[in-house]
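Inspection log for the structure reproduced underneath, given as structure tokens.
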Amino acid sequence: MITRFAPSPTGPLHIGHAYSALLAHDKARAQNGTFLLRIEDFDSTRSRPEHIARILDDLAWLGCTWDAPPRIQSEHLSEYADVIDTLAAKNLVFPCDCGRKRILDTGAKSGPDGPIYPYTCAARTMASAAPTDAIRLNLKAALNHLPAQLRYMNNDEEVFILTSEMPDIIGAPILRRKDTGDPAYHLTCTHDDALQNVTHVIRGEDVAPLTPIHVILQHLMGWPTPIYQHHGLITDATGKRLAKIDKSKSIASYRAEGATPDDIRRMVGQPT
């Protein structure tokens, strides 16, 4: 068993991060498996080195240990570019200069990955791509490379993906972000899970609707599909989801108030 925790260094860790990290860490340790730490700092506009240092410190304080040096995604940008090149050779990606307003102005409905892209730029070739263009996965073209049905395991249940429905449900997922040229989450997380041989992906249920994108990308690239466990989200007394923008709920603030790692474990319902 190989699990991973993959925070983005765009702010301090909050209590929900602690829950996810401890779940992945403790599951690996219980099975004499491997726990990996990955820093998803592909967002060049918001990631900060000081947040990375704080993340490492908070995780160590919680008692998490990782079995290899943390993988820092920004140190491997060429690898993600190579994936896009591989997909481009199969005509499975296209450049796009559409902004959100332009997409919404077409009447696009909301999907699990934001507004469902209407394939406005799908006829463009990669030869026309500008450095500031987004690169999108062409799910319509991908149907020629996919079986009618894909499956994966989520929370011990078998989930089936009807691939022909995906362009209308998801649109054309972004693999490279517009303007910054940063690799996007769908690309980086699936690439790294395959590269690091992750067998069990443990993450919040808010990401569950995006999993079909990842399974499709895994199939197109010949990568294995891990077992997924999407856990419930930590909320406050009013039912509001705790997020990193809630600085009062950061691990650092609990530490400053004198909390112990066992206190945090009890708060998230993990054994001490």
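The values are calculated or read from the model by the stated rules, or taken from the named source; none is laboratory data. Just so you know, these numbers come straight off a predicted model, no measurement behind them. Glycine gets a Cβ as well: all are built from the backbone with ideal geometry, and neighbour counts include every protein chain shown. Protein only, heavy atoms only, side chains kept; ligands, DNA and RNA dropped before computing areas. Shrake-Rupley method; radii C 1.70, N 1.55, O 1.52, S 1.80 Å.
Scanning segment 211-234 for residues that are touching a helix residue (DSSP H, G or I) at 6+ places or on another chain (Cβ under 7 Å), hydrophobic (A, V, I, L, M, F, W, C) and either open to solvent by less than 20 Å² (accessible area, probe 1.4 Å) or outside any loop (DSSP other than H, G, I, E, B) (or both) yields ILE213, ILE216, LEU217, LEU220, MET221.
Might you check whether a residue that is out of contact with any Leu (no Cβ under 6 Å at 6 or more places or on another chain), of a type in the set (Ser, Thr, Tyr) and in contact (Cβ under 8 Å) with a residue 12 or more places away in the chain occurs anywhere in segment 207-217?
Restricting attention to segment 207-217, the residues satisfying the condition of being out of contact with any Leu (no Cβ under 6 Å at 6 or more places or on another chain) are 207-214, 216-217.
Now drop any that are not of a type in the set (Ser, Thr, Tyr), which leaves 211.
Now restrict to residues that are in contact (Cβ under 8 Å) with a residue 12 or more places away in the chain: 211.
Yes: segment 207-217 contains one or more residues that are out of contact with any Leu (no Cβ under 6 Å at 6 or more places or on another chain), of a type in the set (Ser, Thr, Tyr) and in contact (Cβ under 8 Å) with a residue 12 or more places away in the chain.
Taking each residue of segment 116-139 that is within 18 Å of ASP179 (Cα to Cα) and looking for partners that are of a type in the set (Asp, Glu) and not in a loop (DSSP other than H, G, I, E, B) with beta-carbon atoms closer than 9 Å, six or more apart or interchain, yields MET126/ASP85.
Flag not set for THR106, criterion: out of contact with any helix residue (DSSP H, G or I) (no Cβ under 6 Å at 6 or more places or on another chain) and at pLDDT 95 or above. Which of the residues that make up segment 127-173 are in a loop (DSSP other than H, G, I, E, B) and surrounded by fewer than 16 Cβ atoms within 10 Å (Cβ to Cβ)? Once the filter is applied, which keeps residues that are in a loop (DSSP other than H, G, I, E, B) and surrounded by fewer than 16 Cβ atoms within 10 Å (Cβ to Cβ), segment 127-173 yields ALA130, PRO131, THR132, PRO147, ALA148, ASN155, ASP156.
Scanning segment 54-97 for residues that are open to solvent by 50 Å² or more (accessible area, probe 1.4 Å) and not in a helix (DSSP H, G or I) returns THR65, TRP66, ASP67, PRO69, LYS90, ASN91, ASP97. The residues of segment 28-51 that are modelled with pLDDT under 95, out of contact with any helix residue (DSSP H, G or I) (no Cβ under 8 Å at 6 or more places or on another chain) and closer than 30 Å to LEU137 by Cβ, listed by number, are ASP43, THR45, ARG46, ARG48, HIS51.
Does LYS101 fit the bill of being open to solvent by 70 Å² or more (accessible area, probe 1.4 Å) and either without any contact (Cβ under 8 Å) to a residue 24 or more places away in the chain or in contact with a Leu (Cβ under 9 Å, 6 or more places away or on another chain) (or both)?
yes
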